1. Evaluate the range 32-53: report whether one residue or more is in a helix (DSSP H, G or I), modelled with pLDDT under 95 and either open to solvent by less than 60 Å² (accessible area, probe 1.4 Å) or of a type in the set (Asp, Glu) (or both).
2. Got at least one residue in the range 16-37 being in contact with a Cys (Cβ under 8 Å, 6 or more places away or on another chain) and at negative phi?
3. When the residues of the range 122-158 are filtered to those that are outside any loop (DSSP other than H, G, I, E, B) and surrounded by fewer than 20 Cβ atoms within 10 Å (Cβ to Cβ), which remaining residue is modelled with the lowest pLDDT?
4. Identify, from the list 106, 58, the residue that is modelled with pLDDT of 95 or more and at positive phi.
5. Taking the condition of being open to solvent by 40 Å² or more (accessible area, probe 1.4 Å) and more than 17 Å from residue 146 (Cβ to Cβ), how many residues in the range 88-102 meet it?
6. If you go through the range 108-121, how many residues are closer than 15 Å to residue 9 by Cβ, open to solvent by 30 Å² or more (accessible area, probe 1.4 Å) and not basic (Lys, Arg)?
7. So is residue 105 open to solvent by less than 60 Å² (accessible area, probe 1.4 Å) and either under 12 Å from the mean Cα position of the chain (by Cα) or among the hydroxyl-bearing types (Ser, Thr, Tyr) (or both) or not?
8. Which of (1) over 17 Å from residue 140 (Cα atoms); (2) touching a residue at least 60 places away in the same chain (Cβ under 8 Å) does residue 64 not meet, given it meets every other one?
Amino acid sequence: MRNRVIAIDPGFDRIGVAVLDNNEILYSYCIETDRKLPHDKRLLNIGQSVKAVIKKWKPQTLAIENLFFNQNTSTAFKVSEARGVILYEASLAGLKIYEYSPQTVKMAVTGYGKANKIQMATMVKKLVNLPEKSSKRLDDEIDAIALGITHLATKKGI
């Protein structure tokens, strides 16, 4: 049975995206928005990019991280808006939406709710076979893969 998920680590400058089917990574990358573009054009770019991935890979579900901010409210607003665009595109495509906290993802992947980026990357590499890539995987991309692992482990088993 197919269990395809698009997992998204929301941001504004950079959004991590991964498509997993059962325990196989089909696709992963980062959507990067151009800081020189106006705010609305950057949101449009995010929406178009997410829509294209959904159209190509045809996932049944979206796993997305909940937002958690301590400090910078202007960043929080921008990421919230980007997250809204992502949720809109997923809803428009008829995807079931599941949300996970950063601590839930860290706990599912490493067994420790306060794991750091290095610990997360190490465990992601142990849990799934990462396809070769010509460029370095950014933290946002690893976070999206971890989110997909969490979703699949929670909803079906990996």
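1. Taking every residue of the range 32-53 in turn, none turns out to be in a helix (DSSP H, G or I), modelled with pLDDT under 95 and either open to solvent by less than 60 Å² (accessible area, probe 1.4 Å) or of a type in the set (Asp, Glu) (or both).
2. Taking every residue of the range 16-37 in turn, at least one turns out to be in contact with a Cys (Cβ under 8 Å, 6 or more places away or on another chain) and at negative phi.
3. Taking the candidates together, the pick is 155.
4. Details: 106 fails: at positive phi.
Testing whether each residue is modelled with pLDDT of 95 or more and at positive phi leaves just 58.
5. The number of residues fulfilling the criteria is 7.
6. 1
7. Values: open to solvent by less than 60 Å² (accessible area, probe 1.4 Å): yes; either under 12 Å from the mean Cα position of the chain (by Cα) or among the hydroxyl-bearing types (Ser, Thr, Tyr) (or both): yes.
Against the criterion (open to solvent by less than 60 Å² (accessible area, probe 1.4 Å) and either under 12 Å from the mean Cα position of the chain (by Cα) or among the hydroxyl-bearing types (Ser, Thr, Tyr) (or both)), residue 105 qualifies.
8. All conditions are met except number (1).
The values are calculated or read from the model by the stated rules, or taken from the named source; none is laboratory data. Predicted model only: the values in this text are computed from it and were never measured. Counting neighbours? That spans all protein chains shown, and the Cβs are built from the backbone with ideal geometry, glycine included. Heads up: the accessible areas ignore ligands, DNA and RNA and are worked out on the full protein's heavy atoms, side chains in. Shrake-Rupley method; radii C 1.70, N 1.55, O 1.52, S 1.80 Å.
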